[in-house]
1. Keeping to region 82-102, report how many residues are open to solvent by less than 30 Å² (accessible area, probe 1.4 Å) and modelled with pLDDT under 80.
2. Which of the following residues is open to solvent by 50 Å² or more (accessible area, probe 1.4 Å), touching a residue at least 24 places away in the same chain (Cβ under 8 Å) and either closer than 24 Å to residue 174 by Cα or among the hydroxyl-bearing types (Ser, Thr, Tyr) (or both): 57, 113?
3. Could you check region 25-49 and list, in sequence order, the residues that are in a helix (DSSP H, G or I) and among the polar types (S, T, N, Q)?
4. Select from region 5-24 the residues that are in a helix (DSSP H, G or I) and of a type in the set (Lys, Arg) and list them in ascending order.
5. Do any residues in region 66-81 that are farther than 15 Å from residue 50 by Cα and at pLDDT 75 or above have Cβ atoms under 7 Å from those of residues that are assigned to a loop (DSSP other than H, G, I, E, B) and open to solvent by 20 Å² or more (accessible area, probe 1.4 Å), where the two are at least six apart or on different chains, and which pairs are they?
6. Given the conditions (1) over 24 Å from the mean Cα position of the chain (by Cα); (2) surrounded by 15 or more Cβ atoms within 10 Å (Cβ to Cβ); (3) at pLDDT 80 or above, and given that residue 106 satisfies all but one, which numbered condition is not satisfied?
7. Looking only at region 13-36, which residues are over 25 Å from the mean Cα position of the chain (by Cα), under 20 Å from residue 183 (Cβ atoms) and open to solvent by 10 Å² or more (accessible area, probe 1.4 Å)?
8. Being at pLDDT 90 or above, buried (at least 18 other Cβ atoms within 10 Å of the Cβ) and under 18 Å from residue 394 (Cβ atoms): is that true of residue 302 here?
Amino acid sequence: MENEENVMIKVKTFISTLPATERELKFLLKRISVFNKSKQIFRFNIVGNSYVMSILKEMELDNKLKMEDMVEDKDQLTTALDTGSFTSDNVDFFINLVWTQIEDSNYPETNLKEDFDKACKFDEEDLFNIGAIFHVSYKKITVSDSVDINELKRVKILKKDMENKTIVSDYGSLMEFQLIFKELMEGFKNPKDLGDVSDIFAGIFSEMGLNISPSNGDSEDLNNLISLLDEDKLEEFSEEVEERNQKKYGVYDDIFQYLEKTFEELDNLGDIFKEEKEFVLKDLYHHSKSLDKAIEVLTNFSKVFSKLSTEYEHERDENCEFRRKSLGVLLSFSESDDPDSKVLLEFFADSKDYFEELSEVIENYVDMFFGITDIFPLFEDENYDKKVDIIIDEFDRILDNIKFIKTEINDLNNKFSKKLNG
């Protein structure tokens, strides 16, 4: 992650090509250099094969680009990612440029077919860190081209394989190629119209168990998505989503566990007050015993309520932020007519209904106790008054937490309602 104001997503880009498409490669590298300097959300870090790295060095020596605009670390250039070192951890975006050859004696470690087959294998096994996408381009061969027949047969086999497995654009001239990649790069500029990069996001969230597809969302939700795509935190975030979803109330577990336990203790406190009140009314001569019991009850329950509220408040902001971001991502990339997404959104809306029922009961209990503590026991006592003040502070704290939760739930539910009714 870079840049405080604009999140930057690093796209580790493997370019697999050989000298037969040198002009296309140089054009592509220049365009990437310009794109990276324009400070878009995405930044391409080139991790291509040996031939690609040799062209990068050549272009830097000719002052046609700066290496810092193309790679994350100049030391990276000492290790070209040919097929042998090409892994799912070091590639996000795969580009193959093919014309009349897939091997070259000057670069024996580079094999375009092996690169392609390995990338497909990683993709099929969902091993790519942020869901690699493929873009393969190749020039059509005419009868006037001077090529090795045996090599040409191998190229044709590879091209046919490509067409069955990934996005392929064919071109007949350098100008056509320029138009193809101009359009491709434009897709990375506008985060609300991701175009060819949609597979990145679909791959990410399919791993989280969410069936989603790109759609226009508001800028806040979009920023939530972008911030969660930081490659250094993605795996950790995915694991946290899965872990939270295993709990009773999913991403709302902290809220409802706190409210349910608070309600349970308020209910217990109510039963004790009711029993003690009946005892005092039956025997008005046992005030001292009643007072001791009331002070003990208030002391114990004030500690219980304080513990519950403290545990909830300790991670409240972190949980709230996680909920806002993760649900914002779902809203931005869920089609309203998608059944799986709609089920999730309906669950979130139902959570609001449950919260309102639970919070209303708790608020009624608290209001009732505000009155009870003023009249029970039946005479004044300084120590008792202190205990009453303490538990009233805890009641106020509970009400403040409910107010905070209510604001969060309502804000989220407004977005859910728009999706469900849109």
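1. 2
2. 113
3. Passing the criteria: 33, 36.
4. Hit for region 5-24 is 23, nothing else.
5. Cβ pairs passing all conditions: none.
6. Checking residue 106 against (1) over 24 Å from the mean Cα position of the chain (by Cα); (2) surrounded by 15 or more Cβ atoms within 10 Å (Cβ to Cβ); (3) at pLDDT 80 or above, the one that fails is (2).
7. 23, 26, 27, 30, 31, 34
8. yes
The values are calculated or read from the model by the stated rules, or taken from the named source; none is laboratory data. Nothing here was measured: the structure is a model prediction, and the numbers come from that model. Ideal geometry is used to build each Cβ from the backbone, glycine not excepted, and the neighbour counts take in all protein chains shown. Quick note on the areas: whole protein, heavy atoms, side chains included, nothing else; ligands and nucleic acids left out. Shrake-Rupley method; radii C 1.70, N 1.55, O 1.52, S 1.80 Å.
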